[in-house]
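Quick note: the coordinates plus some simple rules give every number you see, no bench work behind them. As the structure is a computational prediction, the values presented were derived from the model and not from experiment. In this analysis, Cβ positions are derived from the backbone assuming ideal geometry, glycine residues included, and neighbour counts consider all displayed protein chains.
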Amino acid sequence: MSDTFRADANRDRARIGRVLSGEHARPSLRAIRPALFIDRDGTLIRNTGYIKNPNDVELIPYAANAVRRMNYALRPVIVVTNQSGIARGLLTEVDYERVRARVDDLFAERGGYIDAHYHCPHHPDYTGPCDCRKPRLGLFERAIHEHAIDAASSWFVGNRWSDVEPALHYGARGVLVPSDETPADEIDRARREAEVAQTLTDVVHMALPG
Ligand SMILES: [Mg+2]
Ligand SMILES: [Zn+2]
């Protein structure tokens, strides 16, 4: 066996080892793309307060249309929601899952889908500090890694400043879509430090130009 042949064989073995370990393959799987990170309660569905009963789920106007248009554009729609009702003992994880399934059904009936849901079940007063309650980044970090998301070109949308603030961390676009429960000072802050839109239709126009 010539030295050249042996060197080639060793290089091939090393390359195949990297492929099998995933080290070599991951870059191609990481065809990173922007996502729409979106709040649930008060943004996609009406916030009736610690929603426990699937029958209470009601889509907000334009939500189904906006999600469908993101689906057509192959832009992942990722719900990130604080569910402190679980920490407060007002609903269980099972209740949360039933509500989530109802949300998915309502979008499916209208020809759209949420790509993934992430929730924080904590509240500092009940369960101590956590790294996943918005505006903390824990759930966003998980989603970014699990779905090969490019955070900097993603959009962060919701009816509270805590939904929008993560955009500042990633150098991304954040859009507040005020609802009845949005405090005025949060709207002012979003006008200064991020963006404000009247409806989710406006957000789609911003995120999917042309
Ligand atoms: Mg909300
Ligand atoms: Zn949490």
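Exposure proxy for V204, V94: other Cβ atoms within 10 Å of each Cβ, ordered fewest to most, give V94, V204.
Once backbone amide H atoms are built at 1.01 Å from N, Y118 has V79, V80, T81 as its partners under 5 Å, excluding neighbours fewer than 5 places away on the same chain. In plain terms, the bigger the Kirkwood radius, the slower the diffusion; for the chain, with that radius from Cα pairs, at 10 °C and 1.306 mPa s, Stokes-Einstein puts D at 85 µm²/s.
Partnerless cysteines in the chain, where a partner means another cysteine C-beta under 4.7 angstrom, comprise C130. 3J(HN,Hα) couplings calculated from phi for the range 78-84 with the Karplus curve 6.51 cos²θ - 1.76 cosθ + 1.60 (θ = phi - 60°) are, in sequence order, 10, 7, 10, 9, 7, 10, 5 Hz; Gly and Pro show x. Each residue of the range 152-157 is assigned a 3J(HN,Hα), and the resulting list reads 5, 9, 8, 10, 10, 10 Hz, derived from the Karplus form 6.51 cos²θ - 1.76 cosθ + 1.60 (θ = phi - 60°), x at Gly and Pro. Separation of the range 148-210 and the range 31-78, taken as the distance between their Cα centroids, equals 14 angstrom.
Out of every Cα-Cα pair in the range 92-200, what percent are more than 25 Å apart?
Numbers: 1694 of 5886 pairs.
Summing the P(r) of the range 92-200 above 25 Å gives 29 percent of all pairs.
Using the Cβ of G112 as centre and a radius below 13 Å, the other residues enclosed give a net charge of 0, where K and R count +1 and D and E count -1.
Given the rule -39500 (n - 2.57) for each run of at least 4 DSSP H residues, summed and divided by the residues of the chain, what is its mean residue ellipticity at 222 nm, to the nearest 500 deg cm²/dmol? It would help to have the intermediate numbers written out before the result.
Numbers: 11 runs with 94 residues, N = 210.
When only DSSP H runs of four or more count, the value is -12500 deg cm²/dmol.
Of the residues A35, P183, A63, the one whose Cα sits farthest towards the positive end of the charge dipole of the chain is A35 (charges of +1 on Lys and Arg Cβ, -1 on Asp and Glu Cβ, taken about the Cα centre).
Taking every DSSP beta bridge with both residues inside the range 3-207, roughly what % is antiparallel (nearest 5)?
5
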